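Here's the structure, in structure tokens; my notes come after.
The values are calculated or read from the model by the stated rules, or taken from the named source; none is laboratory data. Because the structure is predicted, anything quoted here is derived from the model rather than measured. Cβ placement follows ideal geometry from the backbone for every residue including glycine, while neighbour counts extend to all protein chains displayed.
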Amino acid sequence: MLAAAVAAAAIPPAASYYSPAKLSWRWRASRSRRAARIEAGYSQLEVRKVTYRPPGTEHNLLNEINLSLREKSFGLIFGRSGSGKTTLLQLLAGLSEPTSGSICIQKYDDSGNPIGMSEMLTSQRVGIVFQFPERYFLADTVLEEVTFGWPRQKADLLFKEQLALNLQNAFNSVGLKTISLDEDPQSLSGGFKRRLALAIQLVQTPDLLLLDEPLAGLDWKARADVVNLLKDLKKHHTILVVSHDLRELYPLVDRSWRMQMGGSLKVETLPV
Ligand SMILES: Nc1ncnc2c1ncn2[C@@H]1O[C@H](COP(=O)(O)OP(=O)(O)OP(=O)(O)O)[C@@H](O)[C@H]1O
């Protein structure tokens with residue numbers, strides 16, 4: 001029902017960041033990636049010696065960052081305010097480019113030997129939920145919010161149907177299937193707004209989900225709700241989080257790093 005309602009909706013492509021060509025590519029790419037996932041072994045996100053200096057400035061914000069995170073695991077980056085955590089997330093999301101180094105996905109066999117060449121991690125393969133995502137909701141209804149920027153041409157019907165199915169899966173996985181699509185996103189509870197922001201990213205079936213301070217600004221009940229949701233999502237998704245909320249996220253974490261002032265990253269067990 002949800003998929004049919006969403007596929008039938010003709011929403012103008014208000015945002016250019018989801019062009020039909022880009023989405024078609026993503027759809028084909030995600031199908032081939034799904035087929036690849038059936039192979040034995042595993043893939044891993046690898047950040048290799050990434051340095052970042054903003055254009056026109058004289059100091060590096062990030063220095064030779066190395067990080068690896070296996071698929072379907074949960075990584076957490078913590079550290080003092082201003083140390084460069086969000087800057088790193090922006091590089092991973094493809095919103096800015098490293099000055100040097102690379103960010104890629106490498107496949108391995110069961111014995112840990114690399115299979116073939118690594119693939120560059122492109123922005124199409126990454127979903128990012130910024131801090132306070134509800135501040136960026138634009139639409140009057142949940143339906144418009146989630147279909148914002150979808151193609152509207154008839155030729156894209158099959159593709160829209162696929163997106164709608166993805167959406168149904170995303171709504172199921174974040175526990176949103178009971179809400180009305182006509183509801184105003186701003187009228188949802190704090191926890192449900194975060195669920196909606198996650199669902200919008202999951203429709204694109206990203207290989208990597210990045211979350212910047214996912215618990216910030218929520219009351220204790222919504223925080224527990226989001227932690228439980230992330231625990232479920234981790235079973236099927238690779239998640240990398242930047243957060244100060246170490247104690248609450250601790251039970252989910254497979255790998256953690258401290259971002260140090262001066263922009264270097266150090267593997268470190270959580271200090272809880
Ligand atoms: N384009 C830029 N040019 C110059 N400095 C920048 C630029 N972007 C960020 N900075 C500076 O880089 C530092 C790191 O910022 P960043 O937001 O990545 O830190 P953070 O660890 O995420 O902090 P917080 O925990 O407060 O969100 C800050 O001092 C910030 O002012």
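Checked against (1) modelled with pLDDT of 95 or more; (2) within 25 Å of S73 (Cβ to Cβ); (3) more than 13 Å from the chain's Cα centre (by Cα), P185 meets all criteria but (2).
Do any strands (runs of 3 or more DSSP E) lying entirely in region 97-163 carry at least 2 residues that are among the aliphatic types (A, V, I, L, M) and within 16 Å of the ligand (Cβ to nearest atom), and which ones are they?
Values: elements: 100-108, 114-120, 126-129.
It comes to 126-129.
For region 72-94, a residue qualifies if it is within 15 Å of V47 (Cβ to Cβ), more than 8 Å from the ligand (Cβ to nearest atom) and part of a loop (DSSP other than H, G, I, E, B), and the qualifying residues are S73, A93, G94.
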